[in-house]
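Novice: Please find one structure pasted underneath; my questions will follow.
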Amino acid sequence: MAKRLAADALLLTAALIIFIVEARIPPIVPVPGVKLGLANIITVYAIWRVGPRDAFLILIARVILGSIFTGQMMAFLYSLGGGLLCFAAMLLVRKILTEKQIWIASVIGALFHNIGQTLVAVAVFRTVNVAYYFPVLLLSGLVTGLFTGIAAQALIRRMRGKIEP
């Protein structure tokens with residue numbers, strides 16, 4: 001139990017540091033909601049190596065604490081909506097993919113994250129007009145999801161047996 005808690009705390013800390021550092025990076029493209037999503041490397045890693053339950057808790061804690069630490073409370077809704085949909089999608093595909101195909105799960109997760117963000121934006125702004133951003137979000141999700149998936153896959157290979165409870 002203590003080893004599991006320590007592993008989860010270490011992963012949460014890494015995800016928060018990445019999230020906070022990334023929040024300080026100026027936007028790559030001038031479209032709201034587009035960012036690298038580097039903290040998702042830790043989420044993907046956690047889903048495969050520490051399990052869905054712990055990965056879910058790490059994700060929720062990162063979204064809450066990341067929003068508080070960066071002072072971006074409005075981003076909380078977008079992160080939560082996108083993160084939960086992404087998490088659910090990756091859990092579903094995890095059942096049919098191998099560790100060598102993690103990058104695919106990450107791309108699918110990123111696409112669903114963008115769907116979640118768009119749904120939250122439609123609800124917040126009470127207009128479907130914000131959905132016009134979706135094609136750009138979709139394209140950015142493909143690119144960032146691929147990058148984070150490849151990074152998570154490399155992290156799993158390098159950390160095998162070092163962080164898992």
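Read-outs throughout are calculated quantities, based only on the coordinates presented, and are distinct from any laboratory measurement. Treat the numbers as computed from the prediction; the structure is a model and nothing was measured. All Cβ positions, even for glycine, are placed from backbone atoms using ideal geometry, and neighbour counts span all protein chains on display.
Novice: If one computes the Cα centroid of the stretch 12-47 and of the stretch 62-137, what distance in Å separates the two points?
Specialist: Using only Cα atoms, the two centres lie 12 Å from each other.
Novice: Over the chain, what is the mean sequence separation of C-alpha contacts under 8 Å (at least six apart), divided by residue count, expressed as relative contact order in percent?
Specialist: Computed value for the chain: 28 percent relative contact order.
Novice: With θ taken as phi - 60° and the coefficients 6.51, -1.76 and 1.60, list the Karplus ³J(HN,Hα) couplings across the stretch 104-116 in order, rounded to whole Hz; mark glycine and proline as x.
Specialist: With coefficients 6.51, -1.76 and 1.60, one gets 5, 4, 5, 4, 4, x, 5, 5, 5, 4, 5, 5, x Hz.
Novice: At 0.36 nm per residue, and after removing the present C-alpha to C-alpha distance, how many nm does the segment from Ala23 to Thr70 gain when stretched out fully?
Specialist: The span from Ala23 to Thr70 would gain 16.2 nm if fully extended.
Novice: Now for a separate question. Please build a GNM for the chain, connecting alpha carbons under 10 Å apart, and tell me which residue among Gly145, Gly71, Gly83 fluctuates the most.
Specialist: Top of the fluctuation ranking is Gly71.
Novice: For the stretch 40-114, what is the Kirkwood estimate of the hydrodynamic radius, computed as the reciprocal of the mean inverse distance between distinct Cα atoms, to one decimal in Å?
Specialist: 12.4 Å
Novice: So, one more: Per DSSP helix of 4 or more residues, -39500 (n - 2.57); summed, then divided by the residues of the chain. What does that give at 222 nm, rounded to the nearest 500?
Specialist: -26000 deg cm²/dmol
Novice: Can you give the relative contact order of the stretch 66-114 as a percent, counting alpha carbon pairs under 8 Å and 6+ residues apart?
Specialist: Relative contact order, the stretch 66-114: 43 percent.
Novice: Name the residue farthest towards the positive end of the dipole of the stretch 2-159 from the options Phe19, Thr43, Thr98, assuming +1 on Cβ of Lys and Arg, -1 on Cβ of Asp and Glu, about the Cα centre.
Specialist: Thr98
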